[in-house]
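Reading through the structure tokens given below for one structure.
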Amino acid sequence: MKQYLIKGPNKGVRGTIECDGSKNSCLPLLASSILFEDSIVLTNVPLVKDVLTMCNLLEELGAKVEISEKNKTIKITNKKKHKLVVPYKLISTMRAGALLMGALLGKYPKNKIFCAASGGCSLGARPTNFHIAGFKSLGAKYNLKNGYTILSAKNGLIGNTYKFPKVSVTGTCNLIMASVFAKKTTTILNASREPEVLDLISFLNNSSNSKFIKFTGKRTLQIRGIKKLIRGSHKVIGDRIAAFSYLCVGVITRGKIKVNNINPKHLPKELEVLKRMGCEIKTSNSSITVNAKKKLKPVSFKTNPWPEFATDNQPILMAVLTTVDGKSKIEENVFSQRFQAAPELNRLGASISIKRNTAIIVGQKKLYGAQCISSDLRSSFAIILGSIAAIGSSKVQRVYHNFRGYYQLPKKLKKLGINIKVIN
Ligand code: EPZ
């Protein structure tokens, strides 16, 4: 199994990184291809493992998928009716496969849709109860049999009002896709406003030439059912989580990094927190530059749905804070187990203590290389950051988690002068 071998300490890293398209935007956009009669073309796609898995799922359902790595494009063509069974073998490796429920139900509401339940993951319980409750409010019947969610609406879907008990990103995307062809209007209350959700909305609106999906309140979303979607094309937004991860390579090494192909407005809280720590931030419409002073300040922050600090960026900043003199505090409010990087960073000599949803980090003068293991995508990046700053060699195991969301990471880091190798 592949590992990263990282030699540190890497100090004062400087350079520019071209940010890839957003994985978490690309996944619902790909799922939404099911709603179209003909074909869709996505550009600026990140060809990471999760995106390729979603492409395999679409192929399995009968779509034609053409990928150009050189042009970073994916074309999906729907020649025939989709198969209506989303198999366990693919969905079990990627939770975002649950997005196919909403798309298939939206397109084929009167048929029976079978979707293997995507289950929990290492971030804690990740149920789809809100998604199902949303589908039911549109008139769908739900059953669970042999591990498969079965959905159908004999008389078609009819618009209704559904309030998410807690903001859910894929839940909102799923309910939008289910509502596109529903009769009348659907109102989603307490909807997610994550940039990735807005990206899906703008793709669907532009593909129909009418603004049939719109926010009528801060978290109130209205979807006026339309007749059909034929074809569409869209440029995926830059990945705000990957962008923050790369900026933090600059911060942990007290260097200067510019990230291109990212809208700074997608990371308002993250940039504010970096400024509070004493980093100098410069932005343009599509780039962010961070210049980290030698002496940074500890900081307290909380995760919450956008526009607050993203839970995905939390472990990344946690890694940085292990090297910042003084006591920092993090409150995690989205997932129940989002501090998985902490014991691994402690292996490198960090001092992080966890109590319920709060982490206290006491910054250390030095970290020391060690053998570590990653347990999810973002904690893998946090461990990589710690290893970059640590004195000596670190081996990061289970980096397959990393391949799920960061495109050609070793190549990007090497270009910045970081000593990283992929070993078996
Ligand atoms: C998306 O997951 C992202 N994944 C996650 O990124 C991200 O961490 C998360 O949103 C929060 O921002 C994709 O976009 C593919 P949620 P999602 O539904 O949509 C609870 C990464 O590293 N909940 O917004 O699955 C849930 O348990 C990944 O790229 C229910 O209780 O997350 C959580 O506490 C990891 N019932 C909270 O809501 C439900 O039916 C928010 O989850 C749905 C959610």
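Can you tell me which residue in the range 364-389 is nearest to residue 48 (Cα to Cα), limited to those that are part of a loop (DSSP other than H, G, I, E, B) and under 27 Å from the mean Cα position of the chain (by Cα)?
Our first condition is that a residue be part of a loop (DSSP other than H, G, I, E, B); within the range 364-389, this holds for 364-367, 369-370, 374-376.
Right, trim to under 27 Å from the mean Cα position of the chain (by Cα) and you get 374-376.
Working: 374: 17, 375: 17, 376: 15 Å.
Checked the range 364-389; the qualifying residue nearest to residue 48 (Cα to Cα) is 376.
Looking only at the range 383-420, which residues are of a type in the set (Gly, Ala, Ser) and closer than 13 Å to residue 370 by Cα? Please lay out each step first, then the result.
Taking the range 383-420 as the starting set, the residues that turn out to be of a type in the set (Gly, Ala, Ser) are 386-387, 389-390, 392-394, 405, 417.
Within the range 383-420, 386, 387, 389, 390, 392, 393, 394 qualify.
Which pairs turn up if I take residues in the range 334-350 that are farther than 12 Å from residue 303 by Cβ and look for partners that are aromatic (Phe, Trp, Tyr) and at pLDDT 95 or above with beta carbon separation below 6 Å, at least 6 apart in sequence or on another chain?
Within 6 Å, the pairs are 349/368.
Out of the residues in the range 193-225 that are among the hydrophobic types (A, V, I, L, M, F, W, C) and not in a helix (DSSP H, G or I), state the one that is farthest from residue 307 (Cα to Cα). Let's see the steps before the verdict.
First pass over the range 193-225, keeping only residues among the hydrophobic types (A, V, I, L, M, F, W, C): 197-198, 200-201, 203-204, 212-213, 215, 221, 223.
Subsequent filtering for residues that are not in a helix (DSSP H, G or I) retains 212-213, 215, 221, 223.
On the way: 212: 24, 213: 20, 215: 15, 221: 16, 223: 22 Å.
So, considering only residues that are among the hydrophobic types (A, V, I, L, M, F, W, C) and not in a helix (DSSP H, G or I), the one farthest from residue 307 (Cα to Cα) is 212.
Which one of these is crowded, with 19+ Cβ neighbours inside 10 Å, without any contact (Cβ under 8 Å) to a residue 60 or more places away in the chain and over 23 Å from the mean Cα position of the chain (by Cα): 191, 153? Lay out the reasoning, then the answer.
Numbers: 191 fails: over 23 Å from the mean Cα position of the chain (by Cα).
Within the list 191, 153, the selection yields 153.
Mind checking which residues of the range 161-192 are within 16 Å of the ligand (Cβ to nearest atom), part of a loop (DSSP other than H, G, I, E, B) and of a type in the set (Phe, Trp, Tyr)? Spell out how you get there, then give the answer.
Going residue by residue through the range 161-192, those that are within 16 Å of the ligand (Cβ to nearest atom) are 162-178, 188-192.
Remaining after also requiring part of a loop (DSSP other than H, G, I, E, B): 164-168, 190-192.
Within the range 161-192, just 164 meets the criteria.
Could you tell me which residue of the range 344-356 is farthest from the ligand (Cβ to nearest atom), considering only residues that are surrounded by fewer than 24 Cβ atoms within 10 Å (Cβ to Cβ) and closer than 24 Å to residue 242 by Cα?
Going through the range 344-356, the residues surrounded by fewer than 24 Cβ atoms within 10 Å (Cβ to Cβ) turn out to be 346-347, 349, 351-356.
Subsequent filtering for residues that are closer than 24 Å to residue 242 by Cα retains 346, 352.
Numbers: 346: 21, 352: 20 Å.
Among those that are surrounded by fewer than 24 Cβ atoms within 10 Å (Cβ to Cβ) and closer than 24 Å to residue 242 by Cα, it is 346.
Checking the conditions here, which among 296, 345 is out of contact with any Cys (no Cβ under 6 Å at 6 or more places or on another chain), closer than 18 Å to residue 10 by Cα and outside any loop (DSSP other than H, G, I, E, B)? Give the steps one after another, and end with the answer.
On the way: 296 fails: outside any loop (DSSP other than H, G, I, E, B).
Of the residues listed, the single one that is out of contact with any Cys (no Cβ under 6 Å at 6 or more places or on another chain), closer than 18 Å to residue 10 by Cα and outside any loop (DSSP other than H, G, I, E, B) is 345.
Can you tell me which residue in the range 194-212 is nearest to the chain's Cα centre (by Cα), limited to those that are within 20 Å of residue 130 (Cα to Cα) and touching a residue at least 24 places away in the same chain (Cβ under 8 Å)?
We begin by selecting, within the range 194-212, every residue within 20 Å of residue 130 (Cα to Cα); these are 194, 196-198, 200-201.
Checking the rest, the ones that are also touching a residue at least 24 places away in the same chain (Cβ under 8 Å) come to 194, 196-197, 200-201.
Details: 194: 10, 196: 8, 197: 11, 200: 13, 201: 16 Å.
Here the residue is 196.
For residue 288, indicate whether it is away from the ligand (no atom under 16 Å from the Cβ), surrounded by 21 or more Cβ atoms within 10 Å (Cβ to Cβ) and of a type in the set (Val, Ile, Thr). Quick ask: steps written out before the conclusion?
Numbers: away from the ligand (no atom under 16 Å from the Cβ): yes; surrounded by 21 or more Cβ atoms within 10 Å (Cβ to Cβ): yes; of a type in the set (Val, Ile, Thr): yes.
Criteria met by residue 288.
For the range 83-105, name all the residues that are within 16 Å of the ligand (Cβ to nearest atom), of a type outside the set (Val, Ile, Thr) and crowded, with 17+ Cβ neighbours inside 10 Å.
Result: 90, 94, 95, 96, 97, 98, 99, 100, 101, 102, 103, 105.
Any idea how many residues of the range 190-245 are farther than 22 Å from residue 73 by Cα and among the polar types (S, T, N, Q)? So that I can check it myself, show each step before the final result.
Step one: list which residues in the range 190-245 are farther than 22 Å from residue 73 by Cα, which gives 190-194, 209-228, 244-245.
Next, only the ones that are among the polar types (S, T, N, Q) stay: 190, 192, 209-210, 216, 220, 222, 245.
The number of residues fulfilling the criteria is 8.
Is it fair to say residue 235 is touching a residue at least 40 places away in the same chain (Cβ under 8 Å) and closer than 30 Å to residue 324 by Cβ? Steps first, please.
Values: touching a residue at least 40 places away in the same chain (Cβ under 8 Å): yes; closer than 30 Å to residue 324 by Cβ: no.
No: the conditions fail for residue 235.
Only one of (1) within 16 Å of the ligand (Cβ to nearest atom); (2) closer than 20 Å to residue 243 by Cβ is not met by residue 389, so which one is it?
(1)
Determine which single condition residue 374 fails, assuming it passes every other condition in (1) of a type in the set (S, T, N, Q); (2) modelled with pLDDT of 95 or more; (3) within 16 Å of the ligand (Cβ to nearest atom).
If we test residue 374 against (1) of a type in the set (S, T, N, Q); (2) modelled with pLDDT of 95 or more; (3) within 16 Å of the ligand (Cβ to nearest atom), just (2) comes out false.
On the basis of being within 20 Å of residue 293 (Cα to Cα), without any contact (Cβ under 8 Å) to a residue 60 or more places away in the chain and either among the aliphatic types (A, V, I, L, M) or not assigned by TED's automatic domain parsing to the domain that holds residue 8 (or both), does residue 321 make the cut?
Taking the combined requirement at face value, the residue satisfies it.
Note down all Cβ pairs under 8 Å where the first residue falls in the range 162-177 and is aliphatic (A, V, I, L, M), the second is more than 9 Å from the ligand (Cβ to nearest atom) and at pLDDT below 95, and they're at least six residues apart or on different chains.
Partner pairs satisfying both residue conditions: none exist.
Only one of 349, 369 is in the same structural domain as residue 396 (by TED's automatic domain parsing) and at positive phi; which? Even if it seems obvious, please write down each step before you answer.
Working: 369 fails: at positive phi.
After ruling out the rest, the residue left standing is 349.
Within the bounds of the range 95-110, is there any residue that is within 17 Å of the chain's Cα centre (by Cα) and hydroxyl-bearing (Ser, Thr, Tyr)? Outline the logic, then answer.
Taking the range 95-110 and keeping what is within 17 Å of the chain's Cα centre (by Cα), we get 95-100.
From what is left, the residues that are hydroxyl-bearing (Ser, Thr, Tyr) are none.
No.
Can you spot a residue in the range 119-130 that is part of a helix (DSSP H, G or I) and within 12 Å of the ligand (Cβ to nearest atom)?
Within the range 119-130, the subset part of a helix (DSSP H, G or I) is 129-130.
From what is left, the residues that are within 12 Å of the ligand (Cβ to nearest atom) are 129-130.
Looking through the range 119-130, at least one residue is part of a helix (DSSP H, G or I) and within 12 Å of the ligand (Cβ to nearest atom).
The values are calculated or read from the model by the stated rules, or taken from the named source; none is laboratory data. Computed from a predicted structure; not experimentally measured. Methodologically, a virtual Cβ is constructed for each residue, glycine included, from the backbone with ideal geometry; neighbour enumeration extends over all protein chains shown.
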